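Report on the following structure.
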Amino acid sequence: MSDFAALGISKNLIKGLKELNIIEPTEIQREVIPLLLEGNADLVAQAQTGTGKTAAYGLPLLHKIDSTKTHVQALILCPTRELSQQVAKQLFRCTKYTEKIFSEAVFGGPNIERQISALRRPTQIVVATPGRLIDLVNREAVDLTHVKTVILDEADEMLSMGFKEELNRILGFLENIECKWLFSATMPQGIKQIVNEHLSEEAYKIEVSGSNVVNRDIEHQYLLCEEHEKFNVLMRLLSSEDENRGIVFCKTRSTARKLAKQLIAKNIAADAIHGDLKQIERDKVMRAFRNENLRILVATDLAARGLDIEALNFVVHYQLPDKDEYYTHRSGRTGRAGKEGISLCLVTTSEKQQLFHYEKLLRISFTQIRQG
């Protein structure tokens, strides 16, 4: 099926998609949308970031919402504030030519009273981080008794951020659920447990691109250098990339802070996000990066969760991640929506073995590049 009409999406939603320049369905959308439009069913979908998952579940969800009823009918759980906001925004944009369907994003950090006030307005879809949702439930500030559909977006990221107990609790107290849809880039044991405990045995299981959950549009490269050489190597890379934009990943907060300062000292428009930043500071950095006032974002793994930024040409692994699945998430920040991207690891000789491990586990292939 080559277009959204053939998949069963309504004309008015397609009109909204065209304004977002979403014309041709991605692989995950072609696989998932017809199944979810058929009727009430559970779904487990494995697909990497940047493949169009939000529209894959969002379009069938919008078909299911009764716009004449103002209570909450669906719940979308996301790992981060950024992803929650992006999902709510995309759902809103899709409904430009349909009956109004209202989504509200709620997440930790901002004043909870403002979010409670916002939820008093007609709200049919709540997009939430797990911790903040439980806070709202405990305050009886959100009524989930009419929720029929619950979606777990980037479930593995929620798990790695320590939300397993919250997810089990939320899925446990939702009584009238007809559909549970889980989307995840990887399937660690903890996700399998959630599937076994909370989803139907007859749940549809979709896996895009076989076992390779790392985007095929990404070219994986590595460059051998000593630890003390990494900064100079990075500077040469940035010089060769002209004005192309990207993210540089570090394993620790201290390295991210130091590297951002070094780049700024070399007149590179850069800044860092890491766990020590207050939310208002983090928002300021992300706003500058999205507005293209920054060329380089230096990030730690947890701070970069759920980021969805278009037109990134590359990611650099200044330090290799602690966990295997972090490589998938890091790399998925480039090569999004069918565009090509580069994922470059700066590694010492002793770290090279880790790349062989990634090749075997993720079924990818690394190309060595030489220092120019």
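The values are calculated or read from the model by the stated rules, or taken from the named source; none is laboratory data. Keep in mind that what you see is a predicted model, and the values were worked out from it rather than measured. All Cβ positions, even for glycine, are placed from backbone atoms using ideal geometry, and neighbour counts span all protein chains on display.
Does Gly162 satisfy the condition of being surrounded by fewer than 17 Cβ atoms within 10 Å (Cβ to Cβ) and more than 20 Å from Arg330 (Cα to Cα)? No; evaluated as a whole, the condition is false for this residue. Looking at Leu43, Leu17, just one residue is of a type outside the set (Ser, Thr, Tyr) and within 20 Å of Ile177 (Cβ to Cβ), and that residue is Leu43. Filter the range 78-99 for residues that are at pLDDT 90 or above and in a loop (DSSP other than H, G, I, E, B); which is surrounded by the most Cβ atoms within 10 Å (Cβ to Cβ)? If we take residues in the range 78-99 being at pLDDT 90 or above and in a loop (DSSP other than H, G, I, E, B), then Cys78 is surrounded by the most Cβ atoms within 10 Å (Cβ to Cβ). Per the conditions (1) within 17 Å of Ala155 (Cα to Cα); (2) at pLDDT 95 or above; (3) among the hydroxyl-bearing types (Ser, Thr, Tyr); (4) in a loop (DSSP other than H, G, I, E, B), the sole criterion not satisfied by Thr49 is (2). Return yes when Leu61 is modelled with pLDDT of 90 or more, among the aliphatic types (A, V, I, L, M) and either surrounded by fewer than 15 Cβ atoms within 10 Å (Cβ to Cβ) or not in a loop (DSSP other than H, G, I, E, B) (or both) and no when it is not. Answer is yes for this residue.
Checked against (1) touching a helix residue (DSSP H, G or I) at 6+ places or on another chain (Cβ under 9 Å); (2) without any contact (Cβ under 8 Å) to a residue 40 or more places away in the chain, Thr186 passes all but condition (2). Here Glu113, Glu104 are screened, and the one residue that is closer than 27 Å to Met286 by Cα, in contact with a Lys or Arg (Cβ under 8 Å, 6 or more places away or on another chain) and not aliphatic (A, V, I, L, M) is Glu104. Against the list (1) over 19 Å from Leu61 (Cβ atoms); (2) in contact with an Asp or Glu (Cβ under 8 Å, 6 or more places away or on another chain), the condition Phe173 fails is (2).
Checked against (1) of a type in the set (A, V, I, L, M); (2) more than 25 Å from Asn111 (Cα to Cα); (3) surrounded by 15 or more Cβ atoms within 10 Å (Cβ to Cβ), Ala272 passes all but condition (2). Taken over the range 20-40, the residue count meeting the criterion of being over 25 Å from Asn176 (Cβ atoms) and not in a helix (DSSP H, G or I) is 7. For Gly162, indicate whether it is under 20 Å from the mean Cα position of the chain (by Cα) and part of a loop (DSSP other than H, G, I, E, B). Against the criterion (under 20 Å from the mean Cα position of the chain (by Cα) and part of a loop (DSSP other than H, G, I, E, B)), Gly162 qualifies. Meeting the requirement of 1 or more residues that are at pLDDT below 95 and within 30 Å of Thr149 (Cβ to Cβ), the strands (runs of 3 or more DSSP E) wholly within the range 190-292 are 204-207. Residue count for the range 221-243, restricted to those that are within 27 Å of the chain's Cα centre (by Cα) and either surrounded by 15 or more Cβ atoms within 10 Å (Cβ to Cβ) or closer than 22 Å to Leu355 by Cβ (or both): 6.
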